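The structure under discussion appears below in the form of structure tokens.
The values are calculated or read from the model by the stated rules, or taken from the named source; none is laboratory data. Just so you know, these numbers come straight off a predicted model, no measurement behind them. For neighbour counting, all protein chains shown are included, and Cβ atoms are generated from backbone atoms with ideal geometry for every residue, glycine included.
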Amino acid sequence: MTVTGAYFDAATAAPLHPVARQALLAALEDGWADPNRLYTQARRARQLLDAARAVTADILGVRPDELSFTASGTAAAHAAVLGGLAGRHRAGRTFVHSAIEHSAVLHAAQRHVAAGGAAASVPVDRLGRLDPDAWAAAVAAPGVGLAALISASHEVGTVQPVAAAAEACAAAGVPLYVDAAQSVGRTPVPEGWSLLSASAHKWGGPPGVGVLVVRKGTRWESPYPADERESGRTPGVLDLPAVVAAAAALRAVTADAAAEATRLRALVDRVRTTVAATVPDVEVVGHPTDRLPHLVTFSCLYVDGEALLHALDRRGFAVSSGSSCTASTLRPSHVLEAMGVLSHGNVRVSLHRDTTEAEVDRFLAELPQVVADLRAEAGAAGL
Amino acid sequence: MTGPTEVLDCLGQRCPLPVIALARRLPELPVGAVLRVLADDPAAAVDIPAWCRMRGQEFVGRVSPTSYDVRRER
Ligand SMILES: Cc1ncc(COP(=O)(O)O)c(C=O)c1O
């Protein structure tokens, strides 16, 4: 099936970058061998893996031996949290994190708590920005093993004060883990962290490739049964062709990142202002300026999120939602909940390099009627 | 403190239905009246206060895990 229509869910998975497609096909030809063996085919695979690592490390500004590929952004997040805590278990067993981390981080936190550790969640304001004073107090408390802050919210786009958070961590002697899945390939990530993770399908690489960086001097202990691969950080064999493609895509998007951010930022600003002006009773959420270039979220009063997704899909718009019942859960998004903003009727629009101005304008032209129809069906027109 | 003027039973309803019911009923009560909304959808905990903020009505508080008091301000 060929997918037509406007795809606005890059924050879940960006379409495969053409450079990634080429690299993937080429690597399927000569990158299928196990890079850990000692024959010609394996050496070729090893070269490809080393080159992919060197490119990715260079773009992230780290040493190649600090970077491991993983099977997903989720796996990288789990390894960062559980490995970072295991490495510091003598220093402290409390895991400090923002209230708006990705579920991968929160699920790792739950595992840590179930195993006898503790977790402390730091609130955000109504715009989705970390409370810096609460953060500084939380990381300075006794017994903190690790702190985690998402680089920018995957649900509402608000960029987080990573540099300030890192300073507070440094002052307290606590390592900082940054989940940079929504930033890598789009915007620079501030320094000062000890652990970082990212996910290739967010930047135009294939799904099923994550990145875990453990800076030199960071105490990290594998949460998995022993395995030598990827510096002992990723169990099991990598999908090497996908890794090669991920690195190729990252190089390509990084070269265009500044121009692309400017282009998408203008479209996102148009969505923010037009939706607020043309759809009654809508709450456009997230920080108005300090935000990711490609992602915008709003909530429509009296509208069921699931019905809205289906109505938009019928008109050829693929978006996601933080409303309850739109994912596998009956709870609304913990991010919208932490911000205290309307959670029903929520739509997240996230753009990518193939997004055109015409697609965005068609969406903006059709949205008011879609919302009005759903409100009329629910008997909520004119409330 | 006096109790609510009226109770609106939205138990078993999924959001946004409790919010729609609230929006329909509150303007029919006199200014100053308190409407207690019973709702067990977890989203109500976020959406009822958010509705009050957007509509300029007073969210008095969550009085039990499944009941929320709202005062008509205007
Ligand atoms: C902020 C953030 N962290 C982690 C992940 C997980 O990445 P993956 O989809 O590669 O498992 C995602 C994607 O949903 C994300 O947006």
Filter region B:31-69 for residues that are touching a helix residue (DSSP H, G or I) at 6+ places or on another chain (Cβ under 6 Å) and more than 11 Å from chain A (Cβ to nearest Cβ); the one that is farthest from residue A:344 (Cα to Cα) is B:35
Could you list, ordered by first residue, the pairs with Cβ atoms under 7 Å in which the first is in region A:181-202 and assigned by the TED database to the domain that holds residue A:72 and the second is acidic (Asp, Glu) and surrounded by fewer than 24 Cβ atoms within 10 Å (Cβ to Cβ), at least 6 apart or interchain? A:192/A:167
Residues of region A:96-117 being in contact with a helix residue (DSSP H, G or I) (Cβ under 8 Å, 6 or more places away or on another chain) and more than 16 Å from the ligand (Cβ to nearest atom), which ones? A:96, A:112, A:117
Within region A:27-81, the residues that are charged (D, E, K, R) and closer than 17 Å to residue A:231 by Cα are A:34, A:37, A:46, A:50, A:53, A:63, A:65, A:66
Matching entry among A:283, A:260, A:306 (being assigned to a helix (DSSP H, G or I), of a type outside the set (Lys, Arg) and touching a Ser or Thr at 6+ places or on another chain (Cβ under 9 Å)): A:306
Taking region A:10-31, which residues are more than 16 Å from residue A:246 (Cβ to Cβ), more than 27 Å from the chain's Cα centre (by Cα) and either touching a residue at least 12 places away in the same chain (Cβ under 8 Å) or outside the structural domain of residue A:52 (by the TED database) (or both)? A:30
Any residue at all in region A:77-92 that is in contact with a helix residue (DSSP H, G or I) (Cβ under 6 Å, 6 or more places away or on another chain), surrounded by fewer than 22 Cβ atoms within 10 Å (Cβ to Cβ) and not acidic (Asp, Glu)? no
Take the residues of region A:335-366 that are assigned to a helix (DSSP H, G or I) and touching a helix residue (DSSP H, G or I) at 6+ places or on another chain (Cβ under 7 Å): which is surrounded by the most Cβ atoms within 10 Å (Cβ to Cβ)? A:336
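Output the residues belonging to region A:146-168 that are hydrophobic (A, V, I, L, M, F, W, C) and assigned to a strand (DSSP E or B).
Passing the criteria: A:146, A:147, A:148, A:149, A:150, A:152, A:159.
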When you look at residue A:247, is it of a type outside the set (Lys, Arg), within 12 Å of the ligand (Cβ to nearest atom) and over 23 Å from residue A:166 (Cα atoms), yes or no? no
Filter region A:145-182 for residues that are within 16 Å of the ligand (Cβ to nearest atom) and of a type in the set (Asp, Glu); the one that is nearest to residue A:271 (Cα to Cα) is A:155
What tally of residues in region A:202-230 results from selecting those that are surrounded by 15 or more Cβ atoms within 10 Å (Cβ to Cβ) and farther than 27 Å from residue A:163 by Cβ? 9
